[in-house]
Amino acid sequence: MSRRPTVLALCLATLPLFAACSDDDGSGEKPLPRLLPLASCGEAQSYIKQVAIRKMNQQINDNIAAYIRGEGCYRGGYGEDDGGSPTAGGGAGSGSGGGGPTTGTGTNNQVAGVDEADFVKNDGQYIYLAQNGALRIVDSWPAPETHLVSKTPLPGEPKKLFVVGDTALVYVAIGTDSGGGYWNRECTYGYDCDFSGDGTATTMLVYDISNRAAPHLVRQIALSGSLIAARRIGSTVHTVVSQAAQLFPELQYQPAVEANDDLCSYVGVRPPQAKINRARQKYEAVRAANLELIENTNLDAALPSFTDDSGLTPTGESASCTSLYASSYADGAAFTSLVSVDVEHPGPVHSSTIISRGGAIYASADALYMAVPHNWYQDDLSTIHKFQISESAGDTHYLASGEVNGRALNQFAMDEQNGKLRIATTDGHAPSPDAVSYVTVLGQQGEDLVTLGSIGGIAPSEDIRSVRFDGNHAFVVTFKKTDPLFAFDLSNPYAPRKLGELKIPGFSTYMHLLDDNHLLTIGYDADDHGDFAFFDGVMLQIFDVTNPMVPRLAHKHIIGTRGSSSEALTNHLAFTWYPERSLLSIPMTICEGGDDGQYGQTMSFSGLMVFDASVASGFAEHGRVAHAVDPSVNCYNWWSNATSAVKRSLFLDQYVYSISDAELKVRDVGALSTEVVTVPLAN
């Protein structure tokens, strides 16, 4: 028999034993990183209630101890951890036979063959857009004849989509933000946001688009969680959603304060024992009421669910509680699900759900990893959960779990090679002197992801701002006041080692593999002030890593001053490299007049910038495509929340297409200032 059900049985049997396999219980003993299978919805409810009881007991015990220390009367509770608050811690082809473009760009996917969901897709002939309440299909070739073919209203807020042949899968958000997200925005760059979703529910709409002028809805799958990430392998789509829940909002953590109650008069001094005994009685009454409330609460409606109108997927408990797992860290009343379905070959939905908050998602062609952040005695750590995925939806299932020091910045902090996961993490935040980073290699042994090799002590007092893995090498950028680019050798997974380091002002937030020996990056310049630095204008760089022992800055280009911003700074899907013509396009908001910590006051440009970029010559501005200023975009952009009016761009032969929420513009790269076609998107 597997040891995992045995561990779970012990956890559910008694509260004291359960505490040993959950999050911090005061013992100082970390739980083993693992997922514990749950046999039914009933067992899931028992687990959730045991977690709530443990956390409630711990909070009341803390409050009693604080009262005894003289820290005040009836100290407040932390409330329920809903898992939703921020922790401290296909390419363009010839879609129309021989008449299509010969070259072009598609989604800037991290892994070849693993398509990432985005609100823009193109197949060389058509551009597909999920935005502004509708699925729009634009005939984009020949470019001068670009026009809207169809507009299909959507029953919710469009998020992202996939296109596979004559099938489109569109994600829409249903409902309003319930507070599950951070700043109500998608988290793509997890420096100061949490991969927990926005609190809405998600519906997957499958359309037959064989007639682009009249898409036809053929399937609808409703999920109770909000969209975190999605990947497509072949015609199978793997979707990660997370659902935060306030399961026991009525819980109390301190007694009501009564009039003339002299229990509250002891502050800064230990109360007399008689007063302590009276306070204990009051707290125990609160504890008893909480226990009764938890035990009598029916959680059926709170469990994750999905419905499938195709009739192909079983409904009821078998749908919502099949492949259900409890995190050994008991890290919040949240549910994160991996849902797999083949969109071209109709079949049942397959899902695996963790009772856990979400995390950064990375996927290779045969595995999906989720890095969930935790805090253990003020130290950051992450549990890593591995799932098998493939071109077959039925292959999806949980494989193993492990643990690393620190937290992962985003999907690029992870990479898989030869079945081994490499991950870069940071424990702490700059400028804390205790902040430090790691590169760790994990290998699967049975149901465990074990550390094969690790290198720590990287850049003390700094934190990671970008990561890129390339074969046997890893490149990591950290920042406090300068930009150290570190190169690591991972050819021996049991003994990773640092090769070289380059320090320059500023930092990169995204690194792109230009070729085998060069990195093309976007980030921020910085003004050095000795112990710290102010971020400044947007910075493009090319690094020569031919000799990783001595990485070298080959070229650098600065755009604007502090407050200048680009969607591409924190979302790689907005970064478009066109190798056939050595062109780079990035959305830009340019602000002028800023300096040394002062934001620019004048917005001089809003739109798309196109650069000639090469190892030999560096950067040369090729031209600009101006777009109307988005009222939500200004010159006070914080570096980790970069925005711009233009969101995406793509190339087809000699034409560039720039896309904002308001319009799609087509320009010839030989005459970017001359309008070819503009397609309105806001109505």
Can you list residue pairs whose Cβ atoms sit under 6 Å apart, with the first residue in region 32-60 being over 14 Å from LEU303 (Cα atoms) and the second being of a type in the set (Gly, Ala, Ser) and in a helix (DSSP H, G or I)? Count only pairs 6 or more apart in sequence or on different chains. ARG54/ALA19
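Residues checked against (1) in a strand (DSSP E or B); (2) at positive phi; (3) at pLDDT 95 or above:
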{"site": "PRO548", "(1), (2), (3)": "no, no, yes"}
{"site": "HIS557", "(1), (2), (3)": "yes, no, yes"}
{"site": "ALA568", "(1), (2), (3)": "no, no, yes"}
{"site": "THR589", "(1), (2), (3)": "yes, no, yes"}
{"site": "ALA616", "(1), (2), (3)": "no, no, yes"}
{"site": "GLU621", "(1), (2), (3)": "yes, no, yes"}
{"site": "PRO631", "(1), (2), (3)": "no, no, no"}
{"site": "CYS635", "(1), (2), (3)": "no, no, no"}
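Pick from region 311-333 the residues that are in a loop (DSSP other than H, G, I, E, B) and surrounded by fewer than 21 Cβ atoms within 10 Å (Cβ to Cβ): which of them is modelled with the lowest pLDDT? Even if it seems obvious, please write down each step before you answer.
Here is the first cut: in region 311-333, the residues in a loop (DSSP other than H, G, I, E, B) are 311-316, 321-323, 328-333.
Still in the running and surrounded by fewer than 21 Cβ atoms within 10 Å (Cβ to Cβ): 311-316, 322-323.
On the way: GLY311: 87, LEU312: 88, THR313: 84, PRO314: 76, THR315: 68, GLY316: 57, THR322: 73, SER323: 82.
So the residue we want is GLY316.
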I need the full set of residues from region 419-434 which are surrounded by 22 or more Cβ atoms within 10 Å (Cβ to Cβ) and not in a strand (DSSP E or B), in order please. GLY428
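Let's see how each residue does on (1) under 27 Å from the mean Cα position of the chain (by Cα); (2) surrounded by fewer than 22 Cβ atoms within 10 Å (Cβ to Cβ):
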residue	(1), (2)
MET603	no, yes
ARG624	no, yes
VAL633	yes, yes
ALA642	yes, no
VAL656	no, no
ASP661	yes, yes
ASP668	no, yes
Inspect region 669-683 for any residue being in contact with a strand residue (DSSP E or B) (Cβ under 8 Å, 6 or more places away or on another chain), part of a strand (DSSP E or B) and among the polar types (S, T, N, Q) and give the result as yes or no. yes
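When you scan region 339-409 for strands (runs of 3 or more DSSP E) that lie fully inside it, which ones turn up with 2 or more residues that are polar (S, T, N, Q)?
Numbers: elements: 350-355, 360-363, 367-376, 379-388, 397-405.
So the answer is 350-355, 379-388, 397-405.
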Any chance region 372-392 includes a residue that's at pLDDT 95 or above and among the aliphatic types (A, V, I, L, M)? yes
Within region 222-250, residues being buried (at least 24 other Cβ atoms within 10 Å of the Cβ) and more than 20 Å from HIS385 (Cβ to Cβ) number 1
Within region 560-579, considering residues that are buried (at least 20 other Cβ atoms within 10 Å of the Cβ) and more than 27 Å from the chain's Cα centre (by Cα), the one farthest from GLY618 (Cα to Cα): THR561
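Name every residue in region 404-417 that is surrounded by fewer than 23 Cβ atoms within 10 Å (Cβ to Cβ) and in contact with a Lys or Arg (Cβ under 9 Å, 6 or more places away or on another chain), in order of residue number.
Of all residues in region 404-417, those surrounded by fewer than 23 Cβ atoms within 10 Å (Cβ to Cβ) come to 405, 412, 416-417.
Answer for region 404-417, where residues must be surrounded by fewer than 23 Cβ atoms within 10 Å (Cβ to Cβ) and in contact with a Lys or Arg (Cβ under 9 Å, 6 or more places away or on another chain): PHE412, GLU416.
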The residue from SER604, SER644 that alone is part of a strand (DSSP E or B) and closer than 30 Å to HIS529 by Cβ is SER604
Looking only at residues in region 227-250 that are in a strand (DSSP E or B), among the hydroxyl-bearing types (Ser, Thr, Tyr) and at pLDDT 95 or above, which one is farthest from LEU312 (Cα to Cα)? THR239
In the set VAL257, VAL267, which member is in contact with a strand residue (DSSP E or B) (Cβ under 8 Å, 6 or more places away or on another chain), aliphatic (A, V, I, L, M) and loosely packed, with under 15 Cβ neighbours inside 10 Å? VAL267
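For region 360-398, name all the residues that are in contact with an Asp or Glu (Cβ under 8 Å, 6 or more places away or on another chain), surrounded by 18 or more Cβ atoms within 10 Å (Cβ to Cβ) and closer than 23 Å to VAL339 by Cα. Lay out the reasoning, then the answer.
Residues of region 360-398 that are in contact with an Asp or Glu (Cβ under 8 Å, 6 or more places away or on another chain), as a first pass: 362, 364, 367, 369, 372-374, 376-377, 379-384, 388-390, 392-393.
Subsequent filtering for residues that are surrounded by 18 or more Cβ atoms within 10 Å (Cβ to Cβ) retains 362, 364, 367, 369, 372-374, 380-384, 389, 393.
If the condition is that a residue be in contact with an Asp or Glu (Cβ under 8 Å, 6 or more places away or on another chain), surrounded by 18 or more Cβ atoms within 10 Å (Cβ to Cβ) and closer than 23 Å to VAL339 by Cα, then TYR362, SER364, ALA367, TYR369, VAL372, PRO373, SER382, THR383, ILE384, ILE389, ALA393 are the ones that fit.
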What number of residues within region 611-640 satisfy the criterion of being hydroxyl-bearing (Ser, Thr, Tyr) and touching a His at 6+ places or on another chain (Cβ under 9 Å)? 2
Between residues in region 381-404 that are acidic (Asp, Glu) and residues that are crowded, with 18+ Cβ neighbours inside 10 Å and in a loop (DSSP other than H, G, I, E, B), which pairs lie under 8 Å by C-beta distance while being six or more apart or on different chains? GLU391/SER235; ASP395/ILE389; GLU403/PRO33
Determine which single condition GLY443 fails, assuming it passes every other condition in (1) part of a loop (DSSP other than H, G, I, E, B); (2) farther than 20 Å from TYR189 by Cβ. (1)
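Residues checked against (1) under 24 Å from the mean Cα position of the chain (by Cα); (2) buried (at least 24 other Cβ atoms within 10 Å of the Cβ); (3) under 25 Å from PHE534 (Cα atoms); (4) not basic (Lys, Arg):
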{"residue": "THR451", "(1), (2), (3), (4)": "yes, no, no, yes"}
{"residue": "VAL467", "(1), (2), (3), (4)": "yes, yes, yes, yes"}
{"residue": "PRO496", "(1), (2), (3), (4)": "no, no, no, yes"}
{"residue": "LEU499", "(1), (2), (3), (4)": "no, no, no, yes"}
{"residue": "LYS503", "(1), (2), (3), (4)": "no, no, yes, no"}
{"residue": "TYR510", "(1), (2), (3), (4)": "yes, yes, yes, yes"}
{"residue": "ASP516", "(1), (2), (3), (4)": "no, no, no, yes"}
Of residues in region 334-359 being among the charged types (D, E, K, R) and farther than 14 Å from THR313 by Cβ, the one surrounded by the fewest Cβ atoms within 10 Å (Cβ to Cβ): GLU344
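The values are calculated or read from the model by the stated rules, or taken from the named source; none is laboratory data. Please read these numbers as outputs of a predicted model, since none were measured by experiment. With ideal geometry, Cβ positions are generated from the backbone for all residues, glycine too; neighbour counts draw on all protein chains shown.
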